[in-house]
Amino acid sequence: MNAVPFFLTAFIVIGLLAPEKGASPSPSSPGVRIERIRFDAPGVDDRTNRSLNGEWVEVGNRSGKTRNLRGWRLRGADGQTYVFKDLRLGPGRTVRVHTGPGRDGRGHLYWHRGTHAWRNSGSTVRLSSPAGRADSCGWRSRGTVKRC
């Protein structure tokens, strides 16, 4: 009977369990992630409702189950956070969180900030679950919308 030395067995097992080089990290929660961000609202950033709400972050549910986003957080460039209330996001659905004031409705939520949350020159938006799992999306000054 041919025995494989222990060190060789351990090497093979570790190699099988290790992630492939270049593999992407696990998502924030099964299927919940940042889809897109419009970091540069159309026109001049003049803090009007139109300008503030021209900025948004789109969060999507790519899983096959409805997910409740209660307690999830979006963190802005200045460290301020938006906390999701009781929101059940169905499979394949998205919701946009607008920076300024407004009335929450189907597919659109409002942060009620008086200042812009995202830097046109570049930054990163972070999404985290109550369990601490996170997703992020960064951009540089090119364009107005970043697909994550």
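The values are calculated or read from the model by the stated rules, or taken from the named source; none is laboratory data. Computed from a predicted model, the values in this text were never measured in an experiment. Methodologically, a virtual Cβ is constructed for each residue, glycine included, from the backbone with ideal geometry; neighbour enumeration extends over all protein chains shown.
Restricting attention to the stretch 98-115, the residues being β-branched (Val, Ile, Thr) and at pLDDT 95 or above number 1. Candidates in the stretch 65-93 are the residues that are at pLDDT 95 or above and among the small types (Gly, Ala, Ser); of these, the one that is surrounded by the most Cβ atoms within 10 Å (Cβ to Cβ) is 71.
A single member of 136, 121 is hydroxyl-bearing (Ser, Thr, Tyr), farther than 19 Å from residue 42 by Cβ and in contact with a Ser or Thr (Cβ under 8 Å, 6 or more places away or on another chain), and it is 136.
Scanning the stretch 123-140 for residues that are of a type outside the set (S, T, N, Q) and touching a residue at least 24 places away in the same chain (Cβ under 8 Å) turns up 125, 126, 127, 130, 131, 133, 134, 135, 137, 139.
Taking the listed residues 119, 96, 113, 103, the one that is of a type in the set (Lys, Arg), surrounded by 15 or more Cβ atoms within 10 Å (Cβ to Cβ) and either outside any loop (DSSP other than H, G, I, E, B) or in contact with a strand residue (DSSP E or B) (Cβ under 8 Å, 6 or more places away or on another chain) (or both) is 96, with no other qualifying. Note on the stretch 51-78: residues that are within 15 Å of the chain's Cα centre (by Cα), part of a loop (DSSP other than H, G, I, E, B) and not aliphatic (A, V, I, L, M) total 7.
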